[in-house]
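So the structure is just underneath, and the comments pick up after that.
Laboratory data are not the source of any read-out in this text; all were calculated from the coordinates shown. Since the model is a prediction, treat every value here as computed from it, not as a measurement. Here Cβ is always computed from backbone atoms with ideal geometry, including for glycine, and neighbour counts include all displayed protein chains.
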């Protein structure tokens, strides 16, 4: 029984060593092919995808009108429970008077 156990351990040891050698040899050979595959995927899929997205945004920007939407005083938007700690307390930190409305209308309409 002890002899069988030692033979079994020797077989396992040699097979695991051979498997490790095969895996490490395969990893070295496959690394270049994998890198080439990802490089080709980047050039064939990622670059054209970015170009299509840029074209889409350019076309949308050319058809975009500069008119701001009409102010509608919805009760669930622009809720101010306390004043902002800067300025007059009504405007957010990055307030744009042309785009961002105050609770009672656009900034330019009040002046």
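Computed from Cα atoms alone, the Kirkwood hydrodynamic radius reported for region 23-104 is 18.5 Å.
Estimated at 0.36 nm per residue, the fully extended path between residue 104 and residue 70 surpasses their Cα-Cα distance by 11.0 nm. A simple packing score, the average count of other Cβ atoms within 10 Å per residue, orders the peptides 42-48, 1-7 as 42-48, 1-7, with the highest score first.
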